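Written out below as structure tokens is the structure these notes cover.
The values are calculated or read from the model by the stated rules, or taken from the named source; none is laboratory data. Only a predicted model underlies this, so the values are computations on that prediction, with no experimental measurement involved. Backbone-built Cβ (ideal geometry, glycine too); neighbour counts: all protein chains shown.
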Amino acid sequence: MSSDFKSILTENRLFEPSAEFKSKARISSMEDYQRLHAESLNDPDTFWTREASELTWQQPWTKVLDWQPPFAKWFVDAKLNVSENCVDRHVAAGKGDKPAILWEGEPGDTRTISYAELQTEVATFAAVLLNHGIKAGDRVIIYMPMVPEAAIAMLATARIGAVHSVIFGGFSSESIKDRLLDSGATAVITADGGYRRGKVVPLKDNVDTALKNAPHVTTVIVLKRTGQNIAMQEGRDAWWHDETAKVTEGAPANGFDSEHPLFILYTSGSTGKPKGILHTSGGYLTGTYVSSKYIFDLREDDVYWCTADVGWITGHSYIVFGPLSNGATILMYEGAPDTPHQGRFWEIVEKYKVSILYTAPTAIRAFIKWGDDHVDKFDLSSLRLLGSVGEPINPEAWMWYHHKIGGGRCPIVDTWWQTETGSILITPLPGVTPTKPGTATLPFFGVDAAILDEDGKEVGPNEGGKLVIRKPWPSMLRTLYGDNDRYKEVYWSTYENIYLAGDSARRDDDGYFWIMGRIDDVLNVSGHRLGTAEVESALVSHESVAEAAVVGRPDELKGQAVVAFVTVKGGVDPTPELAAALKKHVANVIGAIARPDDIRFAAGLPKTRSGKIMRRLLKEICAGGVIKGDTTTLEDLNVIASLQASGKDED
Ligand code: WTA
């Protein structure tokens with residue numbers, strides 16, 4: 001496996017979209033991409049007016065953009081209803097019978113919801129919210145399993161102009177409480193429980209604990225999913241099915257201002273205290289609509305599956321708002337990829353004839369570890385396009401995804417974006433861009449991406465620097481909820497009127513963007529910049545390695561030493577010989593500068609619930625083992641204990 005590996009520093013394998021894919025794609029030539037991209041930057045009014053006009057607006061805009069840095073208003077004075085755009089307009093266009101949501105529960109129960117049914121459910125639940133006194137602008141927490149009602153609740157709050165804040169169903173009551181207090185939410189929509197790896201997650205119990213000190217919450221609506229006993233507080237708690245049964249007429253889809261808040265989403269705690277990212281209506285919907293259309297090349301007969309949870313931005317933008325505003329058929333799956341067996345995803349792809357699959361490198365690495373047997377049992381020939389999101393994809397994982405899942409025929413869109421950006425900003429276009437394993441390639445329409453040095457100068461090819469966006473884009477965050485100062489400080493204080501993404505990156509000779517990691521994850525070893533992602537890719541390319549995380553440890557001589565936490569594949573012995581071999585391997589793949597000083601074998605790596613490795617914790621372990629700071633998003637605290645216990649250097 002490692003013999004044909006090229007480090008992402010020298011990766012130059014090129015994969016052109018097939019003639020077959022190109023012939024049907026919406027955009028199929030580099031010239032068209034370049035022409036449209038230039039138009040989107042030089043004449044944004046024309047570009048965005050044309051694109052946004054495909055959506056339904058109840059009142060037109062007077063101006064496309066009002067930019068008072070760092071505050072943007074898009075589609076000024078326009079009015080729209082986001083839920084109308086995601087649901088009603090497709091029914092009005094005669095697509096009422098088309099499946100909107102195909103759903104599979106973890107235990108194997110299924111549902112198909114047509115656009116007409118979705119319209120009824122959304123309008124009905126919106127009426128429930130109105131009946132409970134929830135008004136436009138009120139904040140509503142949604143804490144649900146991956147069931148259709150999660151999407152229905154999001155669309156219903158949007159329908160009445162309420163502002164939802166979805167909390168991932170894996171979060172604890174402590175996290176709910178923090179978000180509840182920060183957002184000032186007065187209502188919570190939840191379920192009795194949800195299924196995860198065969199167990200029931202006690203969602204309502206968690207809400208009850210969080211609400212002990214939150215008397216401002218006056219309404220809790222509970223969906224019956226798992227059926228176990230839960231406490232219902234008189235006057236505050238009501239069942240979803242009882243409340244919807246009382247509704248005689250669904251809520252109308254009135255228009256709201258384009259800048260009316262749509263949702264607050266708290267970012268994962270991998271970089272400290274969660275930030276309440278605020279997104280608004282017209283620009284966000286336009287951004288997710290346009291990006292879904294071009295990047296996933298959505299067509300009428302596609303079955304589109306994004307495996308994220310709706311609790312993350314990927315679920316917001318690319319399960320709910322983007323695909324549904326395009327009138328696509330989406331698949332939702334409630335459970336874990338290894339329940340009841342490690343081939344569950346591939347079984348689902350075969351069963352529903354999924355044509356577009358959008359998942360994350362962390363999942364792909366797990367599939368590799370579980371072995372090809374689980375994949376080989378199923379027919380994946382329905383797939384035509386694959387996507388990746390969330391972290392840099394290791395070239396080896398990319399190659400496996402390409403060959404094993406995509407059968408060598410599916411373009412892979414490696415999409416770079418953030419909770420803050422609302423929609424994908426750097427990505428291949430599947431019918432256009434020749435891809436290379438490990439790079440998100442080129443900026444999407446409207447995106448003026450660049451890499452700057454400390455002084456704000458654009459760096460040359462192959463030089464590392466800070467990834468920035470120099471022009472506002474429609475789906476950008478508008479602020480951090482209730483904290484304009486922190487918004488300015490975090491994103492706009494490094495360079496004047498330029499958005500700091502917080503990632504380091506470089507561009508290669510073709511102008512492709514290679515994300516090296518978060519700014520704090522970039523090491524400086526003997527004066528050389530080294531991306532943690534690059535060292536990790538090298539380690540993962542070794543046949544014995546399942547997963548690796550690299551952090552810096554202060555070093556007197558070099559500034560920083562490289563410490564690699566490594567998990568090995570099943571059946572491999574984590575011996576000192578293997579550690580030595582891995583150091584040598586990294587030195588071979590990237591260069592001696594990247595040779596890890598320490599290899600620490602571990603049974604698991606500490607991850608946020610969204611699957612991001614918490615390097616901050618690893619750094620703290622390296623620095624002496626006392627864990628400070630926020631661990632509320634950590635998947636498994638035992639991992640930390642075992643890392644600390646076993647944390648002796650190899651040499
Ligand atoms: C990282 C997830 C490399 C990056 C949509 C970013 C990526 C952070 C990619 C945002 C990618 C996301 N290649 N890195 N394709 N996609 N990232 O807010 O560091 O959960 O800043 O949004 O994930 O994470 P977030």
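You will find that of THR339, THR329, THR359, the residue that is of a type in the set (S, T, N, Q) and closer than 16 Å to HIS402 by Cα is THR359 and no other. The set of residues in segment 469-500 that are crowded, with 16+ Cβ neighbours inside 10 Å and touching a helix residue (DSSP H, G or I) at 6+ places or on another chain (Cβ under 8 Å) comprises LYS471, TRP473, PRO474, SER475, MET476, LEU477, THR479, LEU480, TYR481, ILE498, TYR499, LEU500.
Scanning segment 43-50 for any residue that is surrounded by fewer than 19 Cβ atoms within 10 Å (Cβ to Cβ), in contact (Cβ under 8 Å) with a residue 12 or more places away in the chain and hydrophobic (A, V, I, L, M, F, W, C) turns up nothing. If you take the residues of segment 586-622 that are of a type in the set (Gly, Ala, Ser) and within 30 Å of the chain's Cα centre (by Cα), which of them is nearest to the ligand (Cβ to nearest atom)? That would be SER610. Among the residues that make up segment 160-173, is at least one of them part of a strand (DSSP E or B), polar (S, T, N, Q) and touching a residue at least 12 places away in the same chain (Cβ under 8 Å)? Within segment 160-173 (the criterion being part of a strand (DSSP E or B), polar (S, T, N, Q) and touching a residue at least 12 places away in the same chain (Cβ under 8 Å)), the answer is yes, since at least one residue qualifies. Taken together, VAL413, VAL468 contain a single residue that is at pLDDT 95 or above and in contact with a Gly (Cβ under 6 Å, 6 or more places away or on another chain), which is VAL413.
Can you pull out the residues in segment 440-449 that are outside any loop (DSSP other than H, G, I, E, B) and touching a Leu at 6+ places or on another chain (Cβ under 8 Å)? Correct list: PRO443, ALA449. On the given criteria, is GLY446 of a type in the set (Gly, Ala, Ser), away from the ligand (no atom under 15 Å from the Cβ) and either crowded, with 22+ Cβ neighbours inside 10 Å or in contact (Cβ under 8 Å) with a residue 24 or more places away in the chain (or both)? Here the answer is yes, as GLY446 does meet what is asked.
In segment 488-516, of all residues being basic (Lys, Arg) and over 30 Å from GLU259 (Cβ atoms), the one that is farthest from the ligand (Cβ to nearest atom) corresponds to ARG507. In segment 52-66, the count of residues that are in contact (Cβ under 8 Å) with a residue 12 or more places away in the chain and closer than 30 Å to ARG344 by Cα is zero. If you go through segment 292-319 and keep only what is farther than 13 Å from GLY387 by Cα and small (Gly, Ala, Ser), you end up with GLY311, GLY315, SER317.
Applying the condition of being under 24 Å from ASP297 (Cα atoms) and hydrophobic (A, V, I, L, M, F, W, C) to segment 351-376 and asking which residue is surrounded by the fewest Cβ atoms within 10 Å (Cβ to Cβ) yields ALA363. Whenever a residue of segment 302-322 is under 12 Å from TYR358 (Cβ atoms), its partners that are assigned to a helix (DSSP H, G or I) and within 11 Å of the ligand (Cβ to nearest atom), lying with C-beta atoms within less than 8 angstrom and at least six residues away or across chains, give the pairs CYS306/THR314; CYS306/GLY315; CYS306/TYR318; ALA308/THR314; ALA308/GLY315; ALA308/TYR318. Consider GLY193 carefully, then state whether it is small (Gly, Ala, Ser) and over 28 Å from GLU104 (Cα atoms). In short, no. Only one of the numbered conditions (1) buried (at least 24 other Cβ atoms within 10 Å of the Cβ); (2) over 26 Å from ILE356 (Cα atoms) is violated by THR248, and that is (1). From the list ASP485, ASP455, the one residue that fits, being more than 16 Å from the ligand (Cβ to nearest atom) and part of a loop (DSSP other than H, G, I, E, B), is ASP455. Residues that are away from the ligand (no atom under 16 Å from the Cβ) and either in the same structural domain as LEU578 (by TED's automatic domain parsing) or more than 20 Å from PHE444 (Cα to Cα) (or both) occur in segment 517-524; there is at least one.
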